[in-house]
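*Asks:* Mind having a look at this structure? Questions to follow.
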Amino acid sequence: MDSFNAIIQVLDSTIRLSVPLLLACLAGLFSERAGIFDIGLEGKMLVGAFAGASAAAVFHSALIGLGMAILISVAFALVHGFASITHRGNQIVSGVAINFIAAGSTIILGQAWFSQGGRTPALQPDERFAAIIWPGADAIRDVPIIGPIYAELISGHSILVYFAFAMVPFTWWVLFRTRFGLRMRAVGENPAAVDTAGISVAWLRYRALICTGILTGVAGAYLSMVQNGGFVKDMTAGKGYIALAALIFAKWKPVNAMFACLLFGFLDAAAIRLQGSPLPIIGKVPVQFMQALPYVLTVILLAGFIGKAIPPRAGGVPYVKER
Amino acid sequence: MAQAAIELIGIDKSFGAVRANRDINLEVARGTIHGIVGENGAGKSTLMSILYGFYQADSGEIRVGGKPVSIHTSNDAIALGIGMVHQHFMLVDNFTVLENIILGAESDALLKKSIAKARSELERLEREYGLEVDPDAIIEELPVGLQQRVEILKALYRGAEILILDEPTGVLTPAEADHLFRILKQLKEQGKTIVLITHKLREIMAITDTVSVMRQGTMVATRVTKETTVGELAELMVGRRVLLRVEKGESEAGAIKLSVKNLTVKDSRGVTMVDDVSFDVRGGEIVGIAGVAGNGQSELLEAISGIRHAVSGEVMLEGKPIDLTGKADPGELRDRGLAHVPEDRHHVGLVLAFEENENSILGYHDDERYLKGPFLNVDAIMADAKDKIEKYDIRPGNPRLKTANFSGGNQQKIVLAREMEQDPGVLIVGQPTRGVDVGAIEFIHKRLIAMRDQGKAVLVVSVELDEIRSLSDRILVMFAGRVVGERGPDATEGELGLLMAGVEHQEAAQ
């Protein structure tokens, strides 16, 4: 029973750890499907996390925090759009710049406003998104197998977790079942076709970036208001880049993206779980090795296991009307 | 006279210093096929892009159905019943036919209803115009002819009454082109107005009712097709009488300069593309290789110029062997006096993002003339580029201009100038005038003959039979990787055609 409980615990933390990845990955999916490379997912998550924790601490409201996280993240997405859509700048440079601005400005503003070394004040329980206990979760907790699965895995997460997973079918539906999705996919493949069909390429791409901003904002809010009780500097710790890797791994498809993010989340959870405990055959391994494992596996998976991933054909190329 | 579907009055359009259209007047009658001809860069596509709302005219007026209109976006044009089939198809390659057709004209925010409506509408269009295409096929899996049909359906689905086609036959096989013409005639019978942009005069004569000729941004004439001739149109296009067949003297063949023996070449799949080919080219003669595209001519050229490795065989350049199976590299061959004008100037012959002067020395940039110590001698390069621009009449004559901004004919002249001005002993040329307009064709042919008269050995590969016949002193015909016959310059088109189709080859093999 112990090992069963251990598995449940690892899976539970897999879900928690994969949520920010999943939100960021879907965010990247919107922008890349529309033909805009977005290496700035990391930065947008970071400003979202900071804005969310700050606003929640100041206004004592989790909802205001979330709203602020989304607002600021969308604003950064629009900056990326202004540089790369309106002014046809290099999308990678613009994305990297956003990451730098995010990393620097969150620390400076955090120190200036709260004087806690770049941190935001620790959030009170009512300033965070509480876990939602599903009906009957406590009642059946002791039922073997089903009990822990229901009580631990399905119930007991914050609303943002359910939101993230609900976004998977929703994104799929938007992408493949709506007019907006059709046009967005088209603009990522051949913007000239969209332009000659009488649709504005720029406006379409801006709308995709707004979707990206909303999702990275929620991802940031999750980090600082659910996983953590406040903002800590550089708390995204490369999750934006892992999300991009997951996006390639998933071949730009929403359902695949969910499984890719769960896999990366699982690697993370397993690494935490196995820290310090000896492995069979190999014996005790250094903590650093276990911590590096998810990243090593990321490289291996991306290098060998996905086959040919064909990105949206117009990705990374600013649209210029040509004769 | 039928009512005018479109009237363009005094259209002007400049791109920077270039006046692409100046004071254009055009009237297209309803229910007719109107051709617009002109050399590359004459401003045909610009004019049609203005009509389709892709660009705005600097001044002038557009009338559709007699009413003055302003067209700011493609949407405006579509609303006025104008549809356009672009030279490069505006299709999303990994979408289905239906998805491409509804893109931008969806009837509902959800796709399900839009697609259902499009499907029944498409069936009606297919019935009415005989434009069959599988609505659920993925675009990239369709042959170009069908992709073009999807473009036409796209326009009709949007209710186009006026259809503009920009160089529609450039990518089609002759059979596909014939089919397209039948479709266009049928559309005309249904009352649609068609504007056909092309630089192929034969198409104009075959299908249009009236034809307008553009030259250097101006509209020089409009004729009723039945009352004009190819000769007159060609003259109007170029502004002077064109020699459709270049004059040349007898060749004085000298020593063998290029000798190919038992050459066999395989492609990357291991299929034999050149099969045991042998021939000689002497100084002072032009040898033409005729054949339907894909019968090994491209691979033959690539092997001789050192781009592709041969499986076996021997090639002698000026009496010395070239190591073809090993590491003959194009640079070494260039040093030994073999110049090569590749078939595909965009991908092999030029770096389109470079300036003209850089392309005019590409491959010869290690030559001492262009160097100052380890650095490029910019002054010498610019002087050299200007010299070539003058000699070859490259337009616009600006060596600093990005090569992509030159028209196809002028790009070809840049490559030809670069290779010919190195004074090579042997010149091999693939498709010398592909996508080149009438005036430039004549010029290029004259230069090739001048090379011959200087005693150079010239090998020309072309899929244009007329070109081969008018240039060559000897004609080799390739079929299925083999040279199946040799003829003199007086061989008839029919005779060569049979050889190209492999008919005589089978008889000879018995």
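The values are calculated or read from the model by the stated rules, or taken from the named source; none is laboratory data. Predicted, not measured: the structure shown is a model, and the values here were computed from it. Cβ: placed from backbone, ideal geometry, glycine included. Neighbour counts: every protein chain shown.
*Asks:* Sort out which residues of region A:118-147 are small (Gly, Ala, Ser), farther than 26 Å from A:ALA69 by Cα and outside any loop (DSSP other than H, G, I, E, B), and write them in order of number.
*Replies:* Across region A:118-147, the qualifying residues are A:ALA137, A:ALA139, A:GLY147.
*Asks:* Still on this structure, please answer the following. Kindly indicate whether any position in region B:300-307 is surrounded by 21 or more Cβ atoms within 10 Å (Cβ to Cβ), closer than 18 Å to B:GLY485 by Cβ and under 29 Å from the mean Cα position of the chain (by Cα).
*Replies:* Yes, that holds for at least one residue.
*Asks:* For A:TRP252, state whether it is away from chain B (no Cβ under 11 Å) and part of a helix (DSSP H, G or I).
*Replies:* Criteria not met by A:TRP252.
*Asks:* Considering every residue within region B:281-290, establish whether at least one is without any contact (Cβ under 8 Å) to a residue 40 or more places away in the chain and over 13 Å from B:GLY481 (Cβ atoms).
*Replies:* Checking region B:281-290: not a single residue is without any contact (Cβ under 8 Å) to a residue 40 or more places away in the chain and over 13 Å from B:GLY481 (Cβ atoms).
*Asks:* A further question follows. Among A:SER277, A:SER224, which is among the polar types (S, T, N, Q) and over 24 Å from A:VAL79 (Cβ atoms)? Explain how you work it out, then say what you get.
*Replies:* Numbers: A:SER224 fails: over 24 Å from A:VAL79 (Cβ atoms).
Answer to the selection: A:SER277.
*Asks:* Sort through B:ARG469, B:ARG434, B:ARG482 and tell me the only one that's closer than 19 Å to B:GLN297 by Cα and within 18 Å of the chain's Cα centre (by Cα).
*Replies:* Values: B:ARG469 fails: within 18 Å of the chain's Cα centre (by Cα); B:ARG482 fails: within 18 Å of the chain's Cα centre (by Cα).
Of the residues listed, the single one that is closer than 19 Å to B:GLN297 by Cα and within 18 Å of the chain's Cα centre (by Cα) is B:ARG434.
*Asks:* Which residues, taken from region B:116-138, are surrounded by fewer than 20 Cβ atoms within 10 Å (Cβ to Cβ) and within 14 Å of chain A (Cβ to nearest Cβ)?
*Replies:* Those that are surrounded by fewer than 20 Cβ atoms within 10 Å (Cβ to Cβ) and within 14 Å of chain A (Cβ to nearest Cβ): B:ALA116, B:LYS117, B:ILE138.
*Asks:* Just to be sure, is A:SER84 part of a helix (DSSP H, G or I), among the hydroxyl-bearing types (Ser, Thr, Tyr) and surrounded by fewer than 24 Cβ atoms within 10 Å (Cβ to Cβ)?
*Replies:* Details: part of a helix (DSSP H, G or I): yes; among the hydroxyl-bearing types (Ser, Thr, Tyr): yes; surrounded by fewer than 24 Cβ atoms within 10 Å (Cβ to Cβ): no.
No; evaluated as a whole, the condition is false for this residue.
*Asks:* Let me ask something else about it. Tally time: how many residues in region A:21-69 are in a helix (DSSP H, G or I), farther than 15 Å from A:ASN99 by Cα and β-branched (Val, Ile, Thr)?
*Replies:* 2
*Asks:* Considering only residues that are closer than 16 Å to B:ARG149 by Cβ and either touching a strand residue (DSSP E or B) at 6+ places or on another chain (Cβ under 8 Å) or at pLDDT 95 or above (or both), which ones fall in region B:186-195?
*Replies:* B:LEU187, B:LYS192, B:ILE194
*Asks:* What is the number of the single condition among (1) closer than 26 Å to B:LEU236 by Cβ; (2) touching a residue at least 60 places away in the same chain (Cβ under 8 Å) that B:THR433 does not meet?
*Replies:* The number of the failed condition is (2).
*Asks:* Looking at (1) over 23 Å from B:ILE183 (Cα atoms); (2) at the interface with chain A (Cβ under 7 Å from one of its Cβ atoms); (3) not β-branched (Val, Ile, Thr), which is the one condition that is false for B:ASP76?
*Replies:* (2)
*Asks:* If you take the residues of region B:7-28 that are modelled with pLDDT of 90 or more and on the phi > 0 side of the Ramachandran plot, which of them is surrounded by the most Cβ atoms within 10 Å (Cβ to Cβ)?
*Replies:* Going through the qualifying residues, I end up with B:ASP23.
*Asks:* Another question about this same structure. Inside region B:92-110, can you point out the residues that are at the interface with another protein chain (Cβ under 7 Å from one of its Cβ atoms) and either polar (S, T, N, Q) or buried (at least 24 other Cβ atoms within 10 Å of the Cβ) (or both)?
*Replies:* Within region B:92-110, B:VAL92, B:ASN94, B:LEU103 meet the criteria.
*Asks:* Do we have any residue at all in region B:232-245 that's within 24 Å of the chain's Cα centre (by Cα) and modelled with pLDDT of 90 or more?
*Replies:* No: region B:232-245 contains no residue that is within 24 Å of the chain's Cα centre (by Cα) and modelled with pLDDT of 90 or more.
*Asks:* Please go through region A:292-308 and give me each residue that is assigned to a loop (DSSP other than H, G, I, E, B) and either away from chain B (no Cβ under 14 Å) or at pLDDT 75 or above (or both), ordered by number. Give the derivation first.
*Replies:* At the first step, the residues of region A:292-308 found to be assigned to a loop (DSSP other than H, G, I, E, B) are A:306-308.
Matches in region A:292-308: A:ILE306, A:GLY307.
*Asks:* While we're on this one: Could you tell me whether region A:99-117 includes any residue that is hydrophobic (A, V, I, L, M, F, W, C), in a loop (DSSP other than H, G, I, E, B) and in contact (Cβ under 8 Å) with a residue 40 or more places away in the chain?
*Replies:* Kept after step one, since they are hydrophobic (A, V, I, L, M, F, W, C), are these residues of region A:99-117: A:100-103, A:107-109, A:112-114.
Right, trim to in a loop (DSSP other than H, G, I, E, B) and you get none.
No, region A:99-117 contains no residue that is hydrophobic (A, V, I, L, M, F, W, C), in a loop (DSSP other than H, G, I, E, B) and in contact (Cβ under 8 Å) with a residue 40 or more places away in the chain.
*Asks:* Since B:ILE82 meets every condition but one in (1) at the interface with another protein chain (Cβ under 9 Å from one of its Cβ atoms); (2) modelled with pLDDT of 90 or more, which condition does it not meet?
*Replies:* (1)
*Asks:* Right, here's the next one. Pairs only if they're at least six apart or on different chains, beta carbon under 8 angstrom, first in region B:108-122 and not assigned by TED's automatic domain parsing to the domain that holds B:LEU98, second at pLDDT 90 or above; list them, first residue then second.
*Replies:* No pair meets every condition.
*Asks:* Another question about this same structure. Please determine, by comparing only the residues of region B:29-53 that are surrounded by fewer than 24 Cβ atoms within 10 Å (Cβ to Cβ) and among the hydrophobic types (A, V, I, L, M, F, W, C), which one is nearest to the chain's Cα centre (by Cα).
*Replies:* That would be B:MET48.
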